[in-house]
Each structure stands twice: as structure tokens, then as C-alpha cells.
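**Student:** I am attaching a structure below and will ask some questions about it afterwards.
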Amino acid sequence: MFNPYQFKAFSQVVREGSFSAAARAMGVSQSAVTQHVANLETTVGVRLLVRARDGVQLTATGQEFFDLADRYAVLDAVIDEKLRGYSEFSEGHLRIIANAPQPALRLISRYAALYPDVNIDFALYDWTTAMELLQNQQTDIAIVTDPSKQADWHYIPVGRAKYVLYLRNDHPFAMRHAIALR
């Protein structure tokens, strides 16, 4: 059975033209690269490379395996980049729900400006539904007003809302300087 490092080492040797250059590019020893390629040749049962003073040349079987190994190495690099992007929240998909649009939209707008490669799905729900979706892992983040702390959830305050009360001048509350929302 082949080892993925064997394919990567083999592909890098062909791309770089030598074992030493491949080792430098991969950040490993030349011995490690040589062993990986030798083990791959043993697994395949034939020589894949002809070693010469001026570099390496592919055998016919080596060319077939290089096409596969190179695709594998490129796919592995793409997967690695994606995983790093997702783990850093700099790319990928993020599903956000909220029970009030104003605080959520401001936060989402700032996040989208910082991380333009993240695709954000946003929806509004009432508080109970938002909490159910979060509990059932149907959303990544819930931005809610009037939160209650839950033992199994991480809770991060993101701001304090200021509300303004608009009313006609002849309304009885118009004479007050402050009104509590309670």
C-alpha cells in the first residue's frame, strides 16, 4: 500500500528535477525523499525514475504515476489550504442567524469586510427558534438580544444596544427625560 508522502515526494522530485531540490522544497532531508521514492518504486514493482548526473528522467510507468502523483499532490495542497482557511475563518461558509437585524447586520458587515472569501448565509428567527437551531447544530452562530447563559454554549457579549423612543410632542411621555424599557 502506498503512503501519501511517497506520492508527494515523487511528484516533487519530478517537478524540481532532483532529489536534493525536492528535499529543499519540501523542507525535509534528501534521505527522506529518497526513501519515499524508493518505497513507492518497491510498491509499484518497477523503476519510476532514471537517476542521472544532470537530474532525473521518468520511465514510461513513471510518467503514468507522475500524472496521478502530481494530481494527488496538488489536491492535497488545495485541501490543506482550504482546511487552514476554514480553521482561521478566513474562507468557507458561515451560517449566522439572529433575532434582531440591527446588531447582527452591523457585525456581519464588519466581518465580511475583513474576510471577503467567507460566504455568509444570514436569516432572522425568533429567539426560541434561533436557540433551537443553534442547539441542533443547524447554524454556526446565533446573534440574539436578551440572551440567557447556557452551560453548554460559549457566550460572547458583542455590544450594548441603545434605543431611541420617538413620539409626538403632545404624548404624555414627551415631558420625561428618560424612560426605562422595562
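The values are calculated or read from the model by the stated rules, or taken from the named source; none is laboratory data. It should be emphasised that the depicted structure is a prediction, and the values quoted were computed from it without experimental measurement. Cβ sites come from the backbone with ideal geometry, for glycine too, and all protein chains shown count toward neighbours. Protein only, heavy atoms only, side chains kept; ligands, DNA and RNA dropped before computing areas. Shrake-Rupley method; radii C 1.70, N 1.55, O 1.52, S 1.80 Å.
**Student:** Open to solvent by 20 Å² or more (accessible area, probe 1.4 Å), without any contact (Cβ under 8 Å) to a residue 24 or more places away in the chain, small (Gly, Ala, Ser) and in a helix (DSSP H, G or I): does that describe Ala38?
**Tutor:** yes
**Student:** Just to check your reading of the model, which residue among Asn99, Asn39 is polar (S, T, N, Q) and closer than 30 Å to Asp140 by Cβ?
**Tutor:** Asn99
**Student:** Next question, about the same structure. Kindly establish whether Asn99 is farther than 25 Å from Met26 by Cβ, among the polar types (S, T, N, Q) and either open to solvent by less than 80 Å² (accessible area, probe 1.4 Å) or modelled with pLDDT of 85 or more (or both).
**Tutor:** yes
**Student:** Would you list the helices (runs of 4 or more DSSP H) that sit entirely within the range 52-145 and hold 2 or more residues that are in contact (Cβ under 8 Å) with a residue 60 or more places away in the chain?
**Tutor:** 60-87
**Student:** Within the range 51-69, take every residue that is open to solvent by 100 Å² or more (accessible area, probe 1.4 Å) and more than 17 Å from Ala38 (Cβ to Cβ) and give me the one that is modelled with the highest pLDDT. Break it down stepwise before answering.
**Tutor:** Applying the first criterion (open to solvent by 100 Å² or more (accessible area, probe 1.4 Å)) to the range 51-69 yields 53-54, 57, 64.
Keeping just the survivors that are more than 17 Å from Ala38 (Cβ to Cβ) gives 53-54, 64.
Details: Arg53: 83, Asp54: 85, Glu64: 89.
For the range 51-69, the residue satisfying everything is Glu64.
**Student:** Failed condition for Val118, given (1) open to solvent by 40 Å² or more (accessible area, probe 1.4 Å); (2) modelled with pLDDT of 80 or more, with all others met?
**Tutor:** Of everything listed in (1) open to solvent by 40 Å² or more (accessible area, probe 1.4 Å); (2) modelled with pLDDT of 80 or more, Val118 misses just condition (1).
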